[in-house]
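Chemist: What follows is a structure written as structure tokens; I'll ask about it next.
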């Protein structure tokens, strides 16, 4: 059954692989599942055809036969549960890995998104400087705890899993913030993820989409 | 095998059931699983014994034999996968329900937490009023989309599921914000969740903990 995902026609991150389709592409590459991509403009994301697939008008979505899913975390979990390579076989280890998937998206991602979005969109606001210190501090609290947990381990809990895949995509949002520099084990961890062949294929695929969009505009 | 969860010794919400142990208590009540609760002070949450269970020093945690989990979403999913009553049997419907669990925690909760936390902790900041308008608007975008999806349906996707359980606990954070009042179908939806006997038992149990903490102090 063919898998089709949606992605930005022209990603606002300019092909840096920070859009959430990157997670799904990476997961599909890890398990070796081919997929088609339907590209959407910002306008098309808010049209009824797409809202029927994704009530919040975002990307990515995932279609496979009669099944349509949204939410990148849920899509990655769906892929991981049905194909070998992204979750451990042992039931307890599997539950813990799923726990780390939620931790990536619920404990790490919200303060990181808030911090990086303010850097992008609130620089002109009178409150920017005072508030950013507070947001940076909140991110540091989580990075310090994550760094303490990871220690010298290669991955979050045993072998590479969907939890590492999500955590690394979340941490990559900080790559230009300067906040990661204090945590050498976290930058090494991100680099280990980025070195995986599946990551590199996924990254190249999303970059190619962005580059075509620029040619089309040019 | 006995299940043990952790919760605040004295919840900062004063027993309104907004702390994240409420989700786990509710899920356990829905499936009829008895559980023990270990109460933690704020200081104990940051001590090594608890950090070994929860690297981010929060509540709730979940222990069952040799398995220890953290992240309320992951704990609810773990319970839902192992006991009847919180996820549909059909594989596609089950994947969609899990998708809505992620939507509750990743698409709805972050802007709602940001908005309600600013109301609580940034009222004295010079930027409060200007910024709050922006945060309220972001929440309204999501509530409007959720309300449009729900329409006249009773639950998010078919019968009551763990997705409704999480979504309702997320929406309840807005109950004193005034933001829900425009969405009659969402307030009705919350009321349907709160009317469930399992919800009421879970709510009473967490309230009893808060009330004892006040007697102990008094």
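The values are calculated or read from the model by the stated rules, or taken from the named source; none is laboratory data. These numbers come from a predicted model, not from an experiment. Ideal geometry is used to build each Cβ from the backbone, glycine not excepted, and the neighbour counts take in all protein chains shown.
Chemist: Check off (1) touching a residue at least 24 places away in the same chain (Cβ under 8 Å); (2) under 18 Å from residue B:97 (Cα atoms) for residue A:86 and give me the number that stays unchecked.
Modeler: (2)
Chemist: Under the condition of being more than 7 Å from chain B (Cβ to nearest Cβ) and surrounded by 24 or more Cβ atoms within 10 Å (Cβ to Cβ), which residue from the range A:62-78 is nearest to the chain's Cα centre (by Cα)?
Modeler: Within the range A:62-78, the match that is nearest to the chain's Cα centre (by Cα) is A:72.
Chemist: Find the residue count for the range B:145-159, including only residues that are out of contact with any helix residue (DSSP H, G or I) (no Cβ under 6 Å at 6 or more places or on another chain), surrounded by 14 or more Cβ atoms within 10 Å (Cβ to Cβ) and without any contact (Cβ under 8 Å) to a residue 40 or more places away in the chain.
Modeler: Residues flagged as out of contact with any helix residue (DSSP H, G or I) (no Cβ under 6 Å at 6 or more places or on another chain), surrounded by 14 or more Cβ atoms within 10 Å (Cβ to Cβ) and without any contact (Cβ under 8 Å) to a residue 40 or more places away in the chain within the range B:145-159 amount to 2.
Chemist: Return only the number of the condition from (1) within 14 Å of another protein chain (Cβ to nearest Cβ); (2) free of Cβ contacts under 8 Å to residues at least 24 places away in the same chain that residue A:186 does not satisfy.
Modeler: (2)
Chemist: Here's a follow-up. Go through (1) under 17 Å from the mean Cα position of the chain (by Cα); (2) assigned by TED's automatic domain parsing to the domain that holds residue B:97; (3) crowded, with 18+ Cβ neighbours inside 10 Å one by one and return the number of the condition residue B:202 breaks.
Modeler: Against the list (1) under 17 Å from the mean Cα position of the chain (by Cα); (2) assigned by TED's automatic domain parsing to the domain that holds residue B:97; (3) crowded, with 18+ Cβ neighbours inside 10 Å, residue B:202 comes up short only on (2).
Chemist: Out of B:176, B:144, B:131, which single residue is within 12 Å of another protein chain (Cβ to nearest Cβ) and at pLDDT below 95?
Modeler: Checking each option against the conditions leaves just B:131.
Chemist: Turning to a different aspect of this structure: Out of (1) surrounded by 14 or more Cβ atoms within 10 Å (Cβ to Cβ); (2) closer than 26 Å to residue A:134 by Cα, what's the single condition that is false for residue A:176?
Modeler: Single failed check for residue A:176: (1).
Chemist: Give the residue that is nearest to residue A:20 (Cα to Cα), with candidates limited to residues of the range B:83-112 that are facing chain A (nearest Cβ under 9 Å) and surrounded by fewer than 17 Cβ atoms within 10 Å (Cβ to Cβ).
Modeler: B:92
Chemist: Looking at the structure I just gave you, is residue B:137 assigned to a helix (DSSP H, G or I), without any contact (Cβ under 8 Å) to a residue 24 or more places away in the chain, within 12 Å of another protein chain (Cβ to nearest Cβ) and over 27 Å from residue B:93 (Cβ atoms)?
Modeler: no
Chemist: Checking residue B:181 against (1) outside any helix (DSSP H, G or I); (2) surrounded by fewer than 13 Cβ atoms within 10 Å (Cβ to Cβ), which test does it fail?
Modeler: For residue B:181, the failing item is (1).
Chemist: Residue A:120 - would you say it is touching a helix residue (DSSP H, G or I) at 6+ places or on another chain (Cβ under 8 Å) and either within 22 Å of residue A:23 (Cβ to Cβ) or part of a helix (DSSP H, G or I) (or both)?
Modeler: No.
Chemist: Now, a different point. Return yes or no: is residue B:204 part of a helix (DSSP H, G or I), on the phi < 0 side of the Ramachandran plot and within 12 Å of chain A (Cβ to nearest Cβ)?
Modeler: no
Chemist: Since residue B:168 meets every condition but one in (1) surrounded by 14 or more Cβ atoms within 10 Å (Cβ to Cβ); (2) away from chain A (no Cβ under 14 Å); (3) within 23 Å of residue A:52 (Cβ to Cβ), which condition does it not meet?
Modeler: Here residue B:168 meets the rest and fails (3).
Chemist: Would you check if residue A:213 is surrounded by fewer than 19 Cβ atoms within 10 Å (Cβ to Cβ), in contact with a helix residue (DSSP H, G or I) (Cβ under 9 Å, 6 or more places away or on another chain) and in contact (Cβ under 8 Å) with a residue 60 or more places away in the chain?
Modeler: no
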